[in-house]
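What follows is a set of notes on a single structure, which appears directly below.
The values are calculated or read from the model by the stated rules, or taken from the named source; none is laboratory data. All values reported here derive from a predicted model rather than from experimental measurement. Here Cβ is always computed from backbone atoms with ideal geometry, including for glycine, and neighbour counts include all displayed protein chains.
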Amino acid sequence: MLTEQDCTVVELPKVDTRLITPKAPAIARVVGNLPCTYGKSNSWVRNVAIDVSATALAGKIRIGQAFGIIPPGTDEDGKPHKVRLYSIASPDAGEDGRGNILCTPVKRTIAEFDPEIGGNRRAHRGMFMGACSNYLCNLSVGDEVLVTGPAGKRFLLPADAERHDYVFIATGTGIAPYRGMVLQLLKGPAGPTRRDIWLLAGAPYTSDLLYHELFLEIEREFDNFHYLQAVSREPHAPGELRGIYVDRLLVSHLERLGPVLERPSTLLYLCGIAGMQFSIYRRLALLGLLDGYAVPKSDICVTSPADWTSTQMRRGLRATARCMIEVY
Ligand SMILES: Cc1cc2nc3c(=O)[nH]c(=O)nc-3n(C[C@H](O)[C@H](O)[C@H](O)COP(=O)(O)OP(=O)(O)OC[C@H]3O[C@@H](n4cnc5c(N)ncnc54)[C@H](O)[C@@H]3O)c2cc1C
C-alpha cells in the first residue's frame, strides 16, 4: 500500500517530442474553427481543430503537450516565419477517439503597432496583427496547415493518475491543457477518477472564460470536479467595484481548497500568462501552503512573502515535482 510519502514521488509518462521538426513540417488539415469564448467577447479566441492523421503526430500527442504551427510568408525582416506553439486542448485520444483530431484555443494577438518591437524598426501606424494567431483564426475547414511537434515533457498528467488529486490554475488560453486533462480524468478510457479536481480559471471578463459551458456541465455531472472563476475587470460581488485575480480564489475558497493543497498527493498545475506563477507562489506562501510545491534556492525566506518580488521568486524558488508550470 502506498504511503503519504510515496505520493510526493511523481512519475510522469514517457512522451514523444520533436517527431516533426520545423525543418520538415508536415501538412495537416483544419476540420473545425469556432469561437470558444462565452457569448460576445472583445477578445477573439477560436477553438481550432486540426486533423493530423496524415502526420507523425497522429496518436502520439499526450495531453499537456503542445504542437507547432508555421504560418506562411515572411516576417518584417524578410525571413520565413518561425514556428509558434499551441497547447493541445484535447484528451490523449484527441477529439475523435483515435488521436487524429487535436484542438487548441487560439487567441488573436492584436496590438497597437510599436515600431521599436518591429524587425526593421520602420515607423508604422495602425494595428499590429500577430502573424500566426490571426492566420490560424482565419483558416477555414479544409485548409492545409503546417505542423510540428510534439513539444513538452513535463507539463503532463502523472503516469498513475489515480494516485493524485489535482489543482489546475489558468489564466486566459492557459486553460487549454486543462480541457484535455479534465476530459481525460473524468471521461477517459480508465473511467472517471474519484480523486479531487479543482479548476481555477482567470479571465478579464466573464465573456472571456474559455470552454466555460463545458466546464459548468462537467461540474454538474461529477461531484469531485470543482470549477471556480476569477474575473478581474468586473465587480466581483454586488456592491464591490473591482474584480479579482485568480490567486484570490485560494483565499475565498480556503476552507475547502486548503486541505486539498495540504495533501501530499496533490499536484499543482499553473498555465497561462508569463509571471502568473509568482502571484500564486506569493499567495500560497502567505497562506502557509507553498511547502511541497516550491522550495527556496536562496535566502528568499528572510523576506516576508508579502514583499517578494517576481525577480526574487524567479531566482529564489524552485518548483518541486508536484508543481507543473507552463507559462508563455
Ligand atoms: C508552450 C506554449 C503554449 C502556447 N499555447 C497557446 C495557446 O493554447 N493558445 C494561444 O493563443 N497561444 C498560445 N501560445 C502563444 C503562441 O505560441 C503565440 O505566441 C501567440 O499566438 C502569438 O503569436 P503570433 O504569431 O500571432 O504573434 P507574433 O507575430 O509572434 O507577435 C507576438 C507578440 O509580439 C508583439 N509584437 C511583435 N512585433 C510587434 C510590433 N511591431 N508592434 C507591436 N507589437 C509587436 C505582439 O504584440 C505580440 O504580443 C503558446 C505558447 C507557448 C510557448
Query raised in the report: When region 49-71 is examined, which residues are found to be over 23 Å from Y166 (Cβ atoms), within 12 Å of the ligand (Cβ to nearest atom) and in a loop (DSSP other than H, G, I, E, B)?
Result: P71
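Just a yes or no: is a residue in region 73-81 touching a helix residue (DSSP H, G or I) at 6+ places or on another chain (Cβ under 6 Å), within 10 Å of the ligand (Cβ to nearest atom), part of a loop (DSSP other than H, G, I, E, B) and free of Cβ contacts under 8 Å to residues at least 40 places away in the same chain? Can you show your working first?
Filtering region 73-81 down to residues touching a helix residue (DSSP H, G or I) at 6+ places or on another chain (Cβ under 6 Å) leaves 81.
Retained after the next criterion (residues that are within 10 Å of the ligand (Cβ to nearest atom)): 81.
Still in the running and part of a loop (DSSP other than H, G, I, E, B): 81.
So of that shortlist, the ones also free of Cβ contacts under 8 Å to residues at least 40 places away in the same chain come out as none.
No, that holds for no residue.
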**Report entry** Failed criterion for G142 (all others in (1) within 28 Å of L289 (Cα to Cα); (2) surrounded by fewer than 23 Cβ atoms within 10 Å (Cβ to Cβ) hold)
**Finding:** (1)
Query raised in the report: Which one of these does I88 not meet: (1) touching a Pro at 6+ places or on another chain (Cβ under 9 Å); (2) more than 10 Å from the ligand (Cβ to nearest atom)?
Result: (2)
Report summary line: Counting only residues that are of a type in the set (A, V, I, L, M) and either closer than 20 Å to R154 by Cα or in contact with a Ser or Thr (Cβ under 7 Å, 6 or more places away or on another chain) (or both), region 291-328 contains a total of 8
Query - Cross-chain or 6+ apart pairs with Cβ under 6 Å, region 302-328 first and among the acidic types (D, E), then away from the ligand (no atom under 16 Å from the Cβ) - result: none
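With respect to V260, determine if the residue is closer than 26 Å to W44 by Cβ and β-branched (V, I, T). It would help to see each step written out before you state the result.
On the way: closer than 26 Å to W44 by Cβ: no; β-branched (V, I, T): yes.
Answer is no for this residue.
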Report summary line: For region 246-272 the number of residues that are in contact with a Ser or Thr (Cβ under 9 Å, 6 or more places away or on another chain) and either acidic (D, E) or modelled with pLDDT under 95 (or both) is 1
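Name every residue in region 5-59 that is of a type in the set (K, R) and surrounded by 20 or more Cβ atoms within 10 Å (Cβ to Cβ), in order of residue number. First the steps, then the outcome.
Just the residues of region 5-59 that are of a type in the set (K, R), to begin with: 14, 18, 23, 29, 40, 46.
Residue satisfying the conditions is R46 alone.
Counting only residues that are assigned to a helix (DSSP H, G or I) and surrounded by 14 or more Cβ atoms within 10 Å (Cβ to Cβ), how many does region 202-215 have?
Within region 202-215, the subset assigned to a helix (DSSP H, G or I) is 206-208, 212-215.
If we keep only those that are surrounded by 14 or more Cβ atoms within 10 Å (Cβ to Cβ) as well, we get 206-208, 212, 214-215.
Counting residues in region 202-215 that are assigned to a helix (DSSP H, G or I) and surrounded by 14 or more Cβ atoms within 10 Å (Cβ to Cβ) gives 6.
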Query - Given (1) more than 8 Å from the ligand (Cβ to nearest atom); (2) in contact with a Gly (Cβ under 8 Å, 6 or more places away or on another chain), index of the condition G97 fails - result: (2)
Query raised in the report: Regarding F155, is this residue closer than 23 Å to R263 by Cα, crowded, with 18+ Cβ neighbours inside 10 Å and within 9 Å of the ligand (Cβ to nearest atom)?
Result: yes
Query raised in the report: Is it the case that region 103-111 has a residue that's buried (at least 21 other Cβ atoms within 10 Å of the Cβ), in contact (Cβ under 8 Å) with a residue 60 or more places away in the chain, closer than 23 Å to Y211 by Cβ and more than 7 Å from the ligand (Cβ to nearest atom)?
Result: yes
Query raised in the report: What pairs come up if the first residue lies in region 262-280 and is on the phi > 0 side of the Ramachandran plot, the second is surrounded by fewer than 20 Cβ atoms within 10 Å (Cβ to Cβ) and assigned to a strand (DSSP E or B), and their beta carbons are under 9 Å apart, counting only those six or more places apart or on different chains?
Result: G272/V327; G275/V327
